[in-house]
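What follows is a set of notes on a single structure, which appears directly below.
Every number here is computed from the coordinates shown, using simple stated rules; none is lab data. Here the structure is a predicted model, which means the values were calculated and not measured. A quick note on method: Cβ atoms are made from the backbone with ideal geometry, for glycine too, and the neighbour counts reach across all protein chains shown.
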Amino acid sequence: MPLSTLFHATVAPTDPVFYGFIPVATAISTLALIAWLLRGGRALPFDHPNERSLHAAPVPRVGGAAMFMILVPALLLLGWQLLVVALVAVLAALSFLDDRKGVPIVVRFGAHGLSAALFVFLTMPEIGVVPAAMMVIA
């Protein structure tokens, strides 16, 4: 069995009720995050203002968490390749870790570069090496 077949969805959703699930999941994840923030969100990382900031008080740095909570299930439901969705999840987790603890720039750039290379390789295997390399660098 070719490796690429392991990462393709086997079911293509066609039922309109299926697509109704996406806004419901969005609403649920948004409400969960709002409830977490209203309870104090003590475990959340905060961005403290500095000379380059647009805000005057500390604000939570978790806007991407709400997007991630719906993006990954939505991509899976829409039939995206599992490995591509996993790359999104790894980059989101790395970004969250960077917000919490700090991640060296070499690790962040390496993860983004590797993800870009895998994305191009998995989604466009028919293009040549030079166009693929240009897409990864871009």
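Modelled label positions at Ala93 and Trp36, each set 7 Å beyond Cα in the direction of Cβ, lie 1.5 nm from each other. Residue-wise HN-Hα couplings along region 111-121, as the Karplus relation 6.51 cos²θ - 1.76 cosθ + 1.60 with θ = phi - 60° gives them from phi, are 5, 5, x, 5, 4, 4, 5, 5, 4, 4, 4 Hz; Gly and Pro carry x. Taking every alpha-carbon pair within region 31-138, the share separated by more than 15 Å comes to 72 percent. Computed from backbone phi with θ = phi - 60° and the Karplus coefficients 6.51, -1.76 and 1.60, the 3J(HN,Hα) list for region 92-103 is 5, 5, 5, 5, 5, 4, 5, 5, 7, 10, x, 10 Hz; x is used for glycine and proline. Shown for Phe96, Phe21: other C-beta atoms within 10 Å of each C-beta, ranked fewest to most, produce the order Phe21, Phe96.
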